[in-house]
Amino acid sequence: MERSIGFKERRYIEELRIFTRATAVDCIVDERFDRVIYVIKPGDMGLAIGRKGENINRLSRQLGRRLEMVEYGETPAEFVANIIRPAELAELAPVAEGAAVDIVIRRRADLGVVIGRGGSTIEKVRLLCLRFFDLEVNDVLIAPGEPEDEGEVAA
């Protein structure tokens, strides 16, 4: 899929490279949640974040925006798993015959992580999947038959 990167996004990518020596594959300025989302080349996440998050914090202060970083994945499932981490992705379930998919997670406790505050994480998944794989994301489901969360007592 063809992606276009505007002047502002190119500037942000260059700032990341100068500050951290990490390579960004893409950058999205999300005005709705007042954040910049970087898609980082596989293997460069450590450089981008820095020791104890110092690189990402310094760059965030420099740009005056909240930053979020996601490691790129070659397949849609790998990419979505990187976006929703630390939640565990069970699968991407196709919806009928369209290009849409449902995200199936392993544990009910991870639902809040996948949705995010105000829907920010699921919106990030939708933006990035559409941009990189031309894939529409519908719902978040819990995998059937998966073991219940630790600590829960069955009655």
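The values are calculated or read from the model by the stated rules, or taken from the named source; none is laboratory data. Just so it is clear, the structure is predicted and the values come from calculations on it, not from any experiment. Quick reminder, even Gly has a Cβ in these numbers, built from the backbone with ideal geometry, and neighbours come from all protein chains shown.
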Exercise. Residue check: is V39 modelled with pLDDT of 90 or more, closer than 20 Å to E74 by Cα and among the aliphatic types (A, V, I, L, M)?
Worked result: yes
Problem set entry | Residue in the stretch 125-132 that is surrounded by fewer than 18 Cβ atoms within 10 Å (Cβ to Cβ) and touching a Lys or Arg at 6+ places or on another chain (Cβ under 8 Å) present | yes
For this session: Please specify each residue of the stretch 92-117 satisfying the condition of being surrounded by 14 or more Cβ atoms within 10 Å (Cβ to Cβ) and either at positive phi or in contact with a Gly (Cβ under 6 Å, 6 or more places away or on another chain) (or both).
Result: G116
For this session: Enumerate the helices (runs of 4 or more DSSP H) found wholly within the stretch 1-102, keeping only those where 1 or more residues are over 21 Å from R131 (Cα atoms).
Result: 7-20, 45-49, 54-63
Seminar exercise, completed: Selection from the stretch 116-153 of residues of a type in the set (S, T, N, Q) and modelled with pLDDT under 90 yields N138
Exercise. If you go through the stretch 65-96, how many residues are farther than 19 Å from T121 by Cα and at pLDDT below 90?
Worked result: 3
Exercise. In contact (Cβ under 8 Å) with a residue 40 or more places away in the chain, surrounded by 15 or more Cβ atoms within 10 Å (Cβ to Cβ), closer than 23 Å to I142 by Cβ and among the β-branched types (V, I, T), is that true of I37?
Worked result: no
Problem set entry | Any hit, the stretch 58-81, residues being over 30 Å from I142 (Cα atoms) and aliphatic (A, V, I, L, M) | yes
